[in-house]
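Comments concern the structure below.
The values are calculated or read from the model by the stated rules, or taken from the named source; none is laboratory data. On a predicted model such as this, the values are computed, not experimentally measured, just so you know. FYI the Cβ positions are ideal-geometry reconstructions off the backbone, even for glycines, and counts take in every protein chain you see. The accessibility values were calculated without ligands, DNA or RNA, using every heavy atom of the protein model including side chains. Shrake-Rupley method; radii C 1.70, N 1.55, O 1.52, S 1.80 Å.
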Amino acid sequence: MGKHPALDLETAAVPPRTVAPPPAQPWHSWLVPLFTVANVSLFVLTMYLNDCPRNEPVGLGGKMKEKSSCLFVRSLGRFAFQPLDENSFLGPSSTTLDFMGALDWKKVVFEHEWWRLFACIWLHAGVVHIVANMFSLLFIGVRLEEEFGFVRIGALYFLSGFGGSLLSCLSFQQNISVGASGALFGLLGAMLSELFTNWTIYANKCAALLTLMFIITINLAVGIDPHIDNSAHIGGFISGFLLGFVLLIRPQFGWISRRYIPPGYDMGHVKPKYKMYQYILWVIAFIFLMMGGKWSKT
């Protein structure tokens, strides 16, 4: 008895491109949520050490004030906020921020306190500042980590924060400043460059661009506070924008790694992994990063 052609599975030829490439597996985001917890925890510690009711200045003649000028002192106790004329973002005093590692270019340059370049990345000027930052960090960072992994996003976060702190020092500001937004603006800049370098992959390009512009506008509006350093915003954004071209390049649709070729997949129809413009942007961004590194040393 002959074999039925429909049941001859061993000799049947698999038509080309009938088997689709395996879908890309997203990374599990854990580093960005950890960054969020670290930022919030450090802000709580900052407010605990601030202790506005206990550390506020005494009244005229060395007498204690009858009524504390700290905000919400009855409900928050030692976590009460400084008066609005001192900190309009509902946060600690400048003295406390300086103790926690706020950026002061004089102490960095003349007292060699280089650790402030990294410590200020985790500090926030107040509740309004940290709420805006953490919302943006989770909204942008989780999506980036799921697509590119924690190694690249972690490196991007720290290097952008350092770039923002470095530009802040070079701007020679008179007031101390906190640079948490520098790292966040690095992620925003990287997302923008990632949108450009992976332009052909996005299905709804206008929606992605408008969403990014909206988040950038919100965070720029926060920069009106004197403790929040806009030069750190600019430095972080530029650093992240250039790093995004280098770290966040993605393969094009139709490309499949030879490690995961499904049986019967026609490799003759596979597209190149990257497009020429992606290579060009990578090289240009890398050159600018090297030039920026040499310039900062001088």
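So which residues in the stretch 37-53 are out of contact with any His (no Cβ under 6 Å at 6 or more places or on another chain) and open to solvent by 20 Å² or more (accessible area, probe 1.4 Å)?
Within the stretch 37-53, Val37, Ala38, Val40, Ser41, Leu42, Val44, Leu45, Tyr48, Leu49, Pro53 meet the criteria.
I need the full set of residues from the stretch 46-86 which are in contact with a Gly (Cβ under 7 Å, 6 or more places away or on another chain) and modelled with pLDDT under 85, in order please.
Residue satisfying the conditions is Lys65 alone.
Any idea which of (1) open to solvent by less than 20 Å² (accessible area, probe 1.4 Å); (2) within 25 Å of Ile218 (Cβ to Cβ); (3) out of contact with any strand residue (DSSP E or B) (no Cβ under 8 Å at 6 or more places or on another chain); (4) small (Gly, Ala, Ser) is the one Ser168 doesn't satisfy?
(3)
Scan the stretch 10-19 and tell me whether some residue there is out of contact with any Leu (no Cβ under 8 Å at 6 or more places or on another chain), at pLDDT below 80 and within 30 Å of Glu145 (Cα to Cα).
Yes, the stretch 10-19 contains a residue that is out of contact with any Leu (no Cβ under 8 Å at 6 or more places or on another chain), at pLDDT below 80 and within 30 Å of Glu145 (Cα to Cα).
Can you tell me which of (1) free of Cβ contacts under 8 Å to residues at least 60 places away in the same chain; (2) open to solvent by less than 40 Å² (accessible area, probe 1.4 Å); (3) farther than 27 Å from Gly189 by Cβ is the one Glu86 doesn't meet?
(2)
Kindly provide the set of residues from the stretch 63-120 that are over 25 Å from the mean Cα position of the chain (by Cα) and of a type in the set (Asp, Glu), ordered by number.
Answer for the stretch 63-120, where residues must be over 25 Å from the mean Cα position of the chain (by Cα) and of a type in the set (Asp, Glu): Glu66, Asp85, Glu86, Glu111.
Taking the stretch 137-187 as the region of interest, how many residues are farther than 22 Å from Met213 by Cα and not in a helix (DSSP H, G or I)?
Qualifying residue count for the region: 9.
Of the residues Val178, Val151, Val109, Val142, only one is in contact (Cβ under 8 Å) with a residue 60 or more places away in the chain and surrounded by fewer than 16 Cβ atoms within 10 Å (Cβ to Cβ); which?
None of the others qualify; the one that does is Val109.
Can we say Phe81 is farther than 26 Å from Ile216 by Cα, buried (at least 18 other Cβ atoms within 10 Å of the Cβ) and not polar (S, T, N, Q)?
In short, yes.
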